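Here the structure comes first, spelled out in structure tokens, and everything after it is commentary.
The values are calculated or read from the model by the stated rules, or taken from the named source; none is laboratory data. Nothing here was measured: the structure is a model prediction, and the numbers come from that model. Please note: Cβ atoms are built from the backbone with ideal geometry, for glycine as well, and neighbour counts cover all protein chains shown. SASA here: full protein model, heavy atoms, side chains in, ligands and nucleic acids out. Shrake-Rupley method; radii C 1.70, N 1.55, O 1.52, S 1.80 Å.
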Amino acid sequence: MMLVNRLGYVTLNVTDLDEAVTLFSDSGQLQLNRRTEDRAYLGANQEHHWVELRCDPSQPEGLVRIGLVIDPEFSFEDVEKVLADAGVPFTRGSNFTEDFVQEWIRFNDPDGTEIEIFRGMAGVAGGNQPKWAKLERLVHVAVSANDWDKALEFYTGILGMGVSDFIEDTTAFIHASDGAHHTLVLQRRPGPRVVNHICFQTETFDDVMRARAIVRRAGLELRDDLIRHETSGSIGFYFEAVPTGLGVEFCYEHGQVTPGSHQPRTFVRTIRAKDVYEPPAGY
């Protein structure tokens, strides 16, 4: 029972809300759709938010919530039953004017990150504001897992998501029912959760290059510059964002799998698994 259709949004806690809003609206090429004293909502492609920013000094910087869109084949009652049978505590709610989604169920994953399964993201009246790079979707988020095996079982065994590929026994690329090669990346790393990066998929490769030009003009540090992944086949680049340690990836040609029948591959951890353009030893 694959309860999740795709990634909807992420919530990040930051120390400087003004700085974060500027970064995600300028270099991140998102549209600011709502701003309060301690929160900001930024989206694209007529969706209200792909990134929710919070500024709560009482909480640490980093990932607060992952918002996942419910698969249309299932109901919230189905989700409740699955969670209850697995012994996972949850809450259910609906407050569109506060949450900007129609309905949700929230619970914590094994690393303590709040997970929200929702339906009905708010739309943006009047379409998108002009941006230099056109974005299609927030396609995935990559996070660490203190107990990698337990986290993998949680997302695949309870939420019913599928594994697309492994890199040895350290990284799992997990897909939802929309078939994007990965909605979630789980990386084996002891200790508190770290969000490694989020990824925006662009409409064209030219849009990747437009976004890259914006980032370079802003003088931001590139984490990886124009690489193609062996696993998903996507090509793109990463830049360093906020909160500290978060990368933002712009990519094109993010691969698809067939949920239910896809057989995962396992790759050796080498630089070429990350970037197929890297020559093998001896070249």
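Within the group Thr22, Thr91, which residue is surrounded by fewer than 21 Cβ atoms within 10 Å (Cβ to Cβ), hydroxyl-bearing (Ser, Thr, Tyr) and under 21 Å from the mean Cα position of the chain (by Cα)?
Thr22
Does Phe90 fit the bill of being at positive phi, of a type outside the set (D, E, K, R) and in contact with a Phe, Trp or Tyr (Cβ under 9 Å, 6 or more places away or on another chain)? Can you show your working first?
Working: at positive phi: no; of a type outside the set (D, E, K, R): yes; in contact with a Phe, Trp or Tyr (Cβ under 9 Å, 6 or more places away or on another chain): yes.
No: the conditions fail for Phe90.
When you go through Asn5, Asn45 one by one, which is the residue that is open to solvent by 20 Å² or more (accessible area, probe 1.4 Å), in contact (Cβ under 8 Å) with a residue 12 or more places away in the chain, closer than 25 Å to Gly236 by Cα and part of a loop (DSSP other than H, G, I, E, B)?
Being open to solvent by 20 Å² or more (accessible area, probe 1.4 Å), in contact (Cβ under 8 Å) with a residue 12 or more places away in the chain, closer than 25 Å to Gly236 by Cα and part of a loop (DSSP other than H, G, I, E, B) holds for just one of Asn5, Asn45, which is Asn45.
What number of residues in segment 189-244 are small (Gly, Ala, Ser) and either assigned to a strand (DSSP E or B) or surrounded by 19 or more Cβ atoms within 10 Å (Cβ to Cβ) (or both)?
So the answer is 5.
Please tell me if Leu246 is over 19 Å from Glu203 (Cα atoms) and touching a His at 6+ places or on another chain (Cβ under 7 Å).
yes
For a quick check of your reading of the model, give me the residue pairs whose first member lies in segment 254-269 and is within 23 Å of Ile198 (Cα to Cα), whose second is surrounded by 13 or more Cβ atoms within 10 Å (Cβ to Cβ) and of a type in the set (D, E, K, R), with beta-carbon atoms closer than 6 Å and at least 6 apart or on different chains.
Pro264/Asp165; Arg265/Asp165
Might you check whether a residue that is closer than 30 Å to His254 by Cα, in a strand (DSSP E or B) and modelled with pLDDT of 95 or more occurs anywhere in segment 92-102?
The answer is yes, given that some residue of segment 92-102 is closer than 30 Å to His254 by Cα, in a strand (DSSP E or B) and modelled with pLDDT of 95 or more.
Within the bounds of segment 166-186, is there any residue that is free of Cβ contacts under 8 Å to residues at least 12 places away in the same chain and farther than 30 Å from Ser94 by Cβ? Step through it out loud before you land on a result.
The initial filter retains those residues of segment 166-186 that are free of Cβ contacts under 8 Å to residues at least 12 places away in the same chain, namely none.
Within segment 166-186, none of the residues are free of Cβ contacts under 8 Å to residues at least 12 places away in the same chain and farther than 30 Å from Ser94 by Cβ.
Return yes when Val139 is part of a strand (DSSP E or B), modelled with pLDDT of 95 or more, under 27 Å from Pro243 (Cβ atoms) and open to solvent by 30 Å² or more (accessible area, probe 1.4 Å) and no when it is not.
Taking the combined requirement at face value, the residue does not satisfy it.
Only one residue in Ala84, Ala40 is free of Cβ contacts under 8 Å to residues at least 24 places away in the same chain and under 30 Å from Thr244 (Cβ atoms). Which one?
After applying the criteria, what remains is Ala40.
From the list Glu77, Glu37, exactly one residue is more than 30 Å from Val215 (Cβ to Cβ) and surrounded by fewer than 16 Cβ atoms within 10 Å (Cβ to Cβ). Which is it?
Only one candidate qualifies: Glu77.
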